[in-house]
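Reading through the structure tokens given below for one structure.
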Amino acid sequence: MNASTNPIAIPQIGLGTFRLQGQVVIDSVTTGLDVGYRHIDTAQIYGNEAEVGQAIAASPVPRSELFVTTKIWIENLQRDKLIPSLKDSLRKLQLEQLDLTLIHWPSPQDAIPVAEYMAALAEAKAQGLTKAIGVSNFTNAQLRQAIATVGASEIATQQVEIHPFLQNRKVVDFVRSQGIHITAYMPLAYGKVMADPVIAAIAAKHGVTPAQVALSWSLQQGFAVIPSSTKRANLEANLHFKRITLSLDEMAQMATLERGERLANPDGLAPQWD
């Protein structure tokens, strides 16, 4: 199952907090922890680290049972800014240490070299600010540079957009070839999986929902997934769903859904994708 050489175990299912603000994110994380999530994913640019921290601090779940991820924003990639920005994130999150810290996006047009911020991120780990480090939204060329800087075994995960309509195979194949774990964000394609007839037919056959099929499809490939929701019923369904094993034929049917439908492709930020 796509075993990583990194010793840290990333929980298979996490709670994403993208686009959730204020009381909405406090409620989502509070409910998520209550129904059993132990992996919370946030980022500096989400503007919700303080609220996520508030929800974690108020929860009866002990810190030792939690896995908390944040991501360094592009404005903090310079060597002299990265560690101070991570310390600021820790203050907001009311934590002494992150479990995982990712570079959120590579520097646009590679204005800041990959080697510079990966070295700074490795230094943050050496200082004990984070247990593990990784990357997000890196092209294969950028991942090669990151590996050249810190070594593949130091990269706990590459977090990228993966769902049935964007299967990102070139990236997946290269990441796997390096023994690096993959985290799939937007695994439900913002709910678009619910309306797909191929997924619906597979779901009907197994007596589950299309969302459960899409999550099982990702997990069966060894990816971690970080769906987000604000509704208790959906949070429970995403975490405690009936995991099904898709047959080779069903996996082949899912493979036909690839259409290069990239949902996270911000102008001026996205790299030249593989």
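The values are calculated or read from the model by the stated rules, or taken from the named source; none is laboratory data. Model, not experiment: these values are computed from the prediction. Don't worry about glycine lacking a Cβ; one is built from the backbone with ideal geometry, like all the others, and counts go over all protein chains shown. The accessibility values were calculated without ligands, DNA or RNA, using every heavy atom of the protein model including side chains. Shrake-Rupley method; radii C 1.70, N 1.55, O 1.52, S 1.80 Å.
Brief remarks follow.
- Scanning the range 98-112 for residues that are in a helix (DSSP H, G or I) and either at positive phi or open to solvent by 50 Å² or more (accessible area, probe 1.4 Å) (or both) gives Gln109, Asp110.
- Looking across the range 230-243, the residues that are surrounded by fewer than 21 Cβ atoms within 10 Å (Cβ to Cβ) and closer than 13 Å to Thr209 by Cβ come down to Ala233, Asn234, Glu236, Ala237, His240, Phe241, Lys242, Arg243.
- Candidates are the residues of the range 54-90 that are open to solvent by 80 Å² or more (accessible area, probe 1.4 Å) and among the small types (Gly, Ala, Ser); the one that is modelled with the highest pLDDT is Ala58.
- In the range 23-46, the count of residues that are buried (at least 23 other Cβ atoms within 10 Å of the Cβ), of a type in the set (S, T, N, Q) and assigned to a helix (DSSP H, G or I) is one or more.
- In the range 139-149 there is at least one residue matching the filter, namely being under 28 Å from Ala211 (Cα atoms) and either aromatic (Phe, Trp, Tyr) or at pLDDT 95 or above (or both).
- Among the candidates Leu82, Leu95, residue that is more than 18 Å from Val160 (Cβ to Cβ), in contact with a strand residue (DSSP E or B) (Cβ under 7 Å, 6 or more places away or on another chain) and part of a loop (DSSP other than H, G, I, E, B): Leu95
- Flag if Ile199 is closer than 19 Å to Thr69 by Cβ and either acidic (Asp, Glu) or modelled with pLDDT of 95 or more (or both): no
- Listed by first and then second residue, the pairs with beta-carbon distance under 7 Å, at least 6 apart or on different chains, first residue in the range 161-178 and touching a residue at least 60 places away in the same chain (Cβ under 8 Å), second open to solvent by 10 Å² or more (accessible area, probe 1.4 Å) and of a type in the set (Ser, Thr, Tyr), are Glu161/Tyr185.
- Verdict on Leu143 being open to solvent by less than 10 Å² (accessible area, probe 1.4 Å) and either out of contact with any strand residue (DSSP E or B) (no Cβ under 7 Å at 6 or more places or on another chain) or closer than 30 Å to Ile26 by Cβ (or both): no
- Residue within the range 152-163 that is farther than 17 Å from Pro227 by Cα, open to solvent by 20 Å² or more (accessible area, probe 1.4 Å) and touching a strand residue (DSSP E or B) at 6+ places or on another chain (Cβ under 8 Å) present: yes
- If you go through the range 245-272 and keep only what is open to solvent by 70 Å² or more (accessible area, probe 1.4 Å) and either touching a helix residue (DSSP H, G or I) at 6+ places or on another chain (Cβ under 9 Å) or modelled with pLDDT under 95 (or both), you end up with Thr245, Thr256, Asn265, Asp267, Gln272.
- With respect to (1) open to solvent by less than 30 Å² (accessible area, probe 1.4 Å); (2) of a type in the set (D, E, K, R); (3) more than 20 Å from Thr101 (Cα to Cα), the lone exception for Lys170 is condition (1).
- You will find that of Leu93, Leu121, the residue that is within 19 Å of Thr42 (Cα to Cα), open to solvent by less than 10 Å² (accessible area, probe 1.4 Å) and in contact with a Gly (Cβ under 6 Å, 6 or more places away or on another chain) is Leu93 and no other.
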